[in-house]
Structures are given as structure tokens and as C-alpha cells.
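Structure first, then comments.
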Amino acid sequence: MLPADESSLNRVDTTNQPPLLERLFTESEGDLTRYFARRHGGGEGVQDLVQETFLQMARGLKDGKSPKCARGYLFGIARHLSQAAWSSRAQVIPLNESLHNVAAPTQDDRVEAARETISTLEPMQREILDLRFAQGLSYAEIAEALGIPVGTVRSRLHHAVAEVRHRLESELNS
């Protein structure tokens with residue numbers, strides 16, 4: 001996969017929509033699948049969310065939307081769909097039986113401490129960390145996805161990383 005900054009999808013040409021959507025799907029379908037799987041587990045529901053994301057992207061382009069960054073716009077749609085899916089969920093997802101047979105990885109206390117520390121951050125900081133490090137989005141793509149300026153993304157990411165580093169160092173020194 002190409003780094004997001006080098007991707008031809010960062011500049012949106014709405015006059016040539018089908019090739020744009022095809023390229024966007026080819027480059028981003030796997031990333032979106034992982035994005036939804038991290039939030040909603042595996043299964044058909046994840047693929048439904050991926051398809052709905054691309055459908056809403058196509059509708060937006062057809063209706064004249066002209067995002068600065070197509071991949072960021074796509075992840076913005078994904079973020080809203082993910083939030084809607086969680087808010088409308090009324091049942092508990094049953095665990096996949098095959099998960100019971102998987103050997104647990106060796107526990108690394110540092111990884112668990114980092115997860116706990118990240119879970120205490122503000123929701124927007126966690127979202128920016130996830131989009132940057134787990135999804136590999138550029139600052140511009142994150143800004144587009146969240147509807148905030150690039151400078152705000154840089155600032156919040158910097159503060160989130162600094163906070164995690166500070167808390168982890170404090171725990172190690174205590």
C-alpha cells in the first residue's frame with residue numbers, strides 16, 4: 001500500500017468518479033475493514049459497514065461534495081457509521097467459538113500499561129492516535145475525517161503522545 005501522502009487519492013477529481021472510487025476501494029478497502037473490525041469485531045457486519053462507507057462516498061460525490069482529501073473523507077464517513085452502529089446496537093455480540101481455541105499471546109506489561117493509559121485519554125485524542133498509528137492516515141486525512149484543521153490534529157496528536165509517554169515513564173519510575 002502506498003503511504004497516504006503519496007497517494008493519488010489525496011486530490012479529488014469528481015469529474016472522473018468511477019475510476020476514483022475504484023482506486024479508492026482498491027487502496028482503502030483493507031484499511032477500512034481493519035478499522036471496523038477493531039471497533040466491531042469480525043463478521044458480516046464489518047463488510048456491511050465497509051460497503052455502506054463506499055456507498056455514502058459515491059452518493060456524496062454524486063451530490064457535488066468535493067473533499068480536499070478523498071481518503072480522509074472516506075474515514076470520516078467510516079467514523080460516523082461506526083458511531084451510529086454502536087449507538088443503535090441493542091444486543092451483545094456473541095463470541096466466535098473458534099476464538100476459544102487460540103493460544104493467548106505472552107503478556108507484555110508495557111503493552112498493557114500503554115493500552116490502559118491510552119484508554120484514559122480524551123475520546124478525540126484516542127481517535128487521532130488510532131487514525132494516525134493504527135490506520136496510517138496522514139495529518140490531512142485525519143483533519144478531513146474529523147472535520148478539524150490540520151494544526152489541531154498536529155497539536156492533539158503531540159499532546160496525546162506526550163501524555164502517554166509521561167504517564168508510562170511515571171509508572172516505570174514508581
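The values are calculated or read from the model by the stated rules, or taken from the named source; none is laboratory data. A quick note: this is a predicted structure, and the numbers were derived from the prediction, not measured. All Cβ positions, glycine included, derive from the backbone under ideal geometry; neighbour counts span all protein chains shown.
Could you list, ordered by first residue, the pairs with Cβ atoms under 8 Å in which the first is in the stretch 119-137 and assigned by TED's automatic domain parsing to the domain that holds Val164 and more than 21 Å from Thr33 (Cα to Cα) and the second is surrounded by fewer than 17 Cβ atoms within 10 Å (Cβ to Cβ) and basic (Lys, Arg), at least 6 apart or interchain?
Sorted first by the residue in the stretch 119-137, then by its partner, the pairs are Ser119/Arg126.
Within the stretch 36-51, track down each residue that is small (Gly, Ala, Ser) and in a helix (DSSP H, G or I).
Once the filter is applied, which keeps residues that are small (Gly, Ala, Ser) and in a helix (DSSP H, G or I), the stretch 36-51 yields Ala37, Gly45.
Consider only pairs whose beta carbons are under 9 Å apart and that are at least six residues apart or on different chains; among these, list those whose first residue lies in the stretch 144-167 and is free of Cβ contacts under 8 Å to residues at least 12 places away in the same chain and whose second residue is assigned to a helix (DSSP H, G or I) and surrounded by fewer than 17 Cβ atoms within 10 Å (Cβ to Cβ).
Ile148/Met124
For the stretch 52-74, enumerate the residues that are outside any helix (DSSP H, G or I) and under 12 Å from Leu137 (Cβ atoms).
Matches in the stretch 52-74: Cys69 only.
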